[in-house]
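Participant: Here it is: the structure, laid out below.
Values in this text are rule-based calculations from the coordinates and carry no lab data. What you see is a predicted model, and the numbers here were worked out from it, not measured in a lab. Neighbour counts are summed over all protein chains in view; Cβ atoms, including those assigned to glycine, are modelled from backbone coordinates with ideal geometry.
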Amino acid sequence: MCNILKHGGPDDEGYYSCAGQHLVLGHRRLALIDLSPGGHQPKSYMGERYWISYNGELYNYLELKEELKAAGYQFTSASDTEVILAAFAAWGTNAFGRFNGMFALALWDNETATIYLARDASGIKPLYYAVTKEGLAFASELRGFAPLGYLQKENANWPVYLLAYGHLPEPVTTLQDVKPLQKGTVLRYRVADGKWDIESFASYSYSEEIASRGEATSLIKTCLQKAVQRHLLSDAPVGVFLSGGLDSGIVATLAQKYHTSTLKTLSIIFEDEKYSERRYQDLLLRQLDCSNWQGVLSEKEFQEKLPSIIDAMDLPGCDGVNTWFISKYARESGLKAVLSGIGGDELFGGYPSFSRINAVKKIEKIPSALLKAGRYSGSKKTRRLGYLSLGGAKGFYLFLRGQFIPSSIAQQLGASEKEVWSILEEQPELNDIGQLSPGNQASWIEMNLYMQNQLLRDSDVMSMAHGIEIRVPFLDREFVSLAMSIRSAVKYSGVLPKQLLIDTFKNVLPEPIWNRPKMGFTFPFAEWMGKNEFVKDAMNSGSISAKRSYDKFIKGGMHWSQLMSLLLLKVKGERKAV
């Protein structure tokens, strides 16, 4: 299992076994804090009572360490890992709720023969597990379970979710018995009797507390400055992804202020000006005191690397290619961690869903019987309306962002449309968000579906493919709590999307950075994929539906992300079968 995950932890490996309890912990290390052997894992504490294998960063570990020292706890290393162990010794599972960071961890208590799995409040770091008659198994990527033959039964429904969402929404994975640990929860497993339970230690909730725009901008500025400063904490080189957009511009500007040496930024540009953000990157670079790697990604490199990128995917998802490339360049430039602007759009209204949510809510009021009737209408537009019959956040998301309608999914998979609807109704089971303001409903949907299942998952797996850690200061626990406490009328009002965030930082950013149309971090995918021999061969060797879909794409009738999902269905499906 550790060998399979070597790419994400190239610096060291370690194992701990307790034969009497049939326990083995394995770890692959990406060293960022305490680069000495003191950071080696699995790490023990209190005379080897506690052992841990931990992936992530604890940004408030120094403050917690001082508190623990005052309470009499001792430390032999400078690692945040040892602070987690001491905190657990002091506070038990309550310790997890005091952590500000991103983490997926397994902590073993020798005295009680109990193991704990925990995942951070935003689900930044992935953690998968299975509890069966054979016991408990867990890993930070699904591919890590490959040596465990008893867990290889395929989830037959995953292709439906992939084609509907463009990713697999939690708790769906490609393996029937393996699922992600829910964010902000801890799983407790007792070896003696095999009993286990899961409890929440952290969650976010929206409120309408901060009503003053002036107070909001002041708090945003102060809180995000502190968040970026915390996220720069490292004993290894840390840089910033600089796309030329608002969020990355804010992060880079704040990082420059607190970085102890010359800040390194990374940017990707293209020869075709339609896709290049070079102008905006250069505007920021002229005012930043930093070094910058600005590389031109060629079509040739894309064509050569696409099969490797698909190999690097853990769970299938239609995005992440861009992160794979820039993480590769980050590694080649000597960085170990990079700050990203993920979270700004979701918290402050950067997506079209925020302006469309009111209209969708009106449409949703159409009698349920009519919405359900739309499922089988002859019109594709009317059939998309049928997604709203699923109700709540699930229906909103698929109506706004769904890739294929159920009739198309059924055609691709050789299933009945009724079967597809039945599967989509099963998962995911989502919170009722009807009591939230429309803006906060859009925010909840984007954070818990799009960001959670696509952006964060793809960012982690594609960066870890190169031994790079992506850090997300917009998802700092204190900052998320602040953003969610701002009144909706303040947070989402304004001429431009993310107007409140713009007003907070426009005096430190060039105007063209914030006063321009939104341009996603994307590549000329449609053109490049249309010329790719790997794509062509894979699609034309598939079913009749796959061939027709490829022809439709070539003629401009299908988005590249839809083709990517179909390609993954073909490639990943074949590999599962093997």
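Participant: Loop by DSSP (not H, G, I, E, B), at most 14 other beta-carbon atoms within 10 Å: where is the longest site-free stretch of the chain for GluC sites (Glu not before Pro)?
Facilitator: Longest gap between qualifying sites, sites excluded: 274-428.
Participant: Residue by residue through region 525-530, which ³J(HN,Hα) values in whole Hz follow from phi under the Karplus form 6.51 cos²θ - 1.76 cosθ + 1.60 (θ = phi - 60°), with glycine and proline marked x?
Facilitator: Whole-Hz 3J(HN,Hα) from phi for region 525-530: 4, 4, 5, 6, 5, x.
Participant: Want the number for Asp34 to Arg516: 0.36 nm per residue separation, take away the alpha-carbon distance, what's left?
Facilitator: Result for the pair: 169.3 nm of gain on full extension.
Participant: How large is ³J(HN,Hα) for each residue in region 429-443, as worked out from phi by the Karplus curve 6.51 cos²θ - 1.76 cosθ + 1.60 (θ = phi - 60°), to whole Hz, x for Gly and Pro?
Facilitator: Using θ = phi - 60°, the values come out as 8, 10, 5, 7, 10, x, 7, 7, 5, x, x, 6, 5, 4, 4 Hz.
Participant: For Rg/Rh (Cα atoms, Kirkwood Rh), pick the label among [x] 1.10; [y] 0.95; [z] 1.16 that corresponds to the value derived from the coordinates.
Facilitator: Checked against the structure: label [y].
Participant: Now, a different point. Could you name the aspartates and glutamates in cross-link range of Lys418, using Cα to Cα under 14 Å and dropping any fewer than eight places away on the same chain?
Facilitator: Glu426
Participant: Distance from the Cα centre of region 300-339 to that of region 409-429, in angstrom?
Facilitator: 31 Å
Participant: So, one more: Roughly speaking, what is the stretch gain from Ile366 to Glu215, that is 0.36 nm per residue apart minus the C-alpha to C-alpha distance, in nm to one decimal?
Facilitator: Length difference between fully extended and current span is 50.4 nm.
Participant: Skipping prolines and chain starts, which residues have an amide H placed within reach, meaning under 5 Å, of the one on Glu154, given they are 5 or more residues away or on another chain?
Facilitator: Those lying under 5 Å, H to H, from Glu154 are Gln176.
Participant: Mean residue ellipticity at 222 nm from the helices of the chain, using -39,500 (n - 2.57) per DSSP H segment of n ≥ 4 over the full residue count, to the nearest 500 deg cm²/dmol?
Facilitator: When only DSSP H runs of four or more count, the value is -12000 deg cm²/dmol.
Participant: Between Lys536 and Ser44, what length in nm is gained on full extension when 0.36 nm per residue of separation is reduced by their alpha carbon distance?
Facilitator: 172.0 nm
Participant: Which number gives the lysine pairs in region 186-270 that have C-alpha atoms under 23 Å apart and are eight or more places apart or on different chains?
Facilitator: 4
Participant: Further question on the same structure: Taking only pairs that are 8 or more places apart or on different chains, how many Lys pairs in region 524-578 have Cα atoms under 18 angstrom apart?
Facilitator: Going through region 524-578 pair by pair, I get 12.
Participant: Amide H neighbours of Ile470 under 5 Å, at least 5 residues apart or on other chains, H built in the peptide plane: list them.
Facilitator: Val338
Participant: Let me confirm the definition first: pairs of Lys residues in region 305-398, 8 or more apart or on different chains, C-alpha distance under 27 Å. How many are there?
Facilitator: For region 305-398, qualifying lysine pairs total 19.
Participant: Sticking with this structure for a sec: So how far apart, in nm, are the two label points at Leu413 and Glu199 if each is 7 Å from Cα heading toward Cβ?
Facilitator: My value for the distance between the label points is 3.8 nm.
Participant: Moving on. Identify all aspartates and glutamates with a Cα-Cα distance to Lys274 below 17 Å; exclude those on the same chain that are fewer than 8 residues away in sequence.
Facilitator: Partners within reach: Asp282, Glu299, Glu527.
Participant: What is the distance, in nm, between label points placed 7 Å from the Cα along the Cα-to-Cβ direction at Ile4 and at Ala89?
Facilitator: Using points 7 Å along Cα→Cβ, the separation is 3.4 nm.
Participant: Set the Förster radius R0 to 41 Å, insert the Cβ-Cβ distance between Ala19 and Glu426 as r into 1/(1 + (r/R0)^6), and round the FRET efficiency to 0.05.
Facilitator: Efficiency, from the Cβ-Cβ distance: 0.50.
Participant: From the phi angles alone, apply the Karplus equation (6.51, -1.76, 1.60; θ = phi - 60°) to region 5-15 and give each ³J(HN,Hα) in whole Hz, x where the residue is Gly or Pro.
Facilitator: So the J values, rounded to whole Hz, are 9, 4, 4, x, x, x, 8, 6, 9, x, 9.
Participant: Be a star and scan region 429-443 for residues whose amide nitrogen sits under 17 Å from the point 7 Å along the Cα-to-Cβ vector of Ser207.
Facilitator: 436-437, 440, by backbone N distance to the label point.
Participant: Now, a different point. Amide H of Leu181: which non-local residues (sequence gap of 5 or more, or other chain) have their own amide H closer than 5 Å, using H built in the peptide plane?
Facilitator: For Leu181, the qualifying residues are Leu127, Tyr128, Tyr129.
Participant: Considering only DSSP beta bridges with both partners in the chain, what is the antiparallel share in %, to the nearest 5?
Facilitator: Taking every DSSP beta bridge within the chain, about 70 percent pair in antiparallel fashion.
Participant: Apply the a/c threshold of 1.5 to the C-alpha gyration tensor of region 524-578 and tell me whether it is rounded, prolate or oblate.
Facilitator: Cα axes put region 524-578 in the prolate bin.
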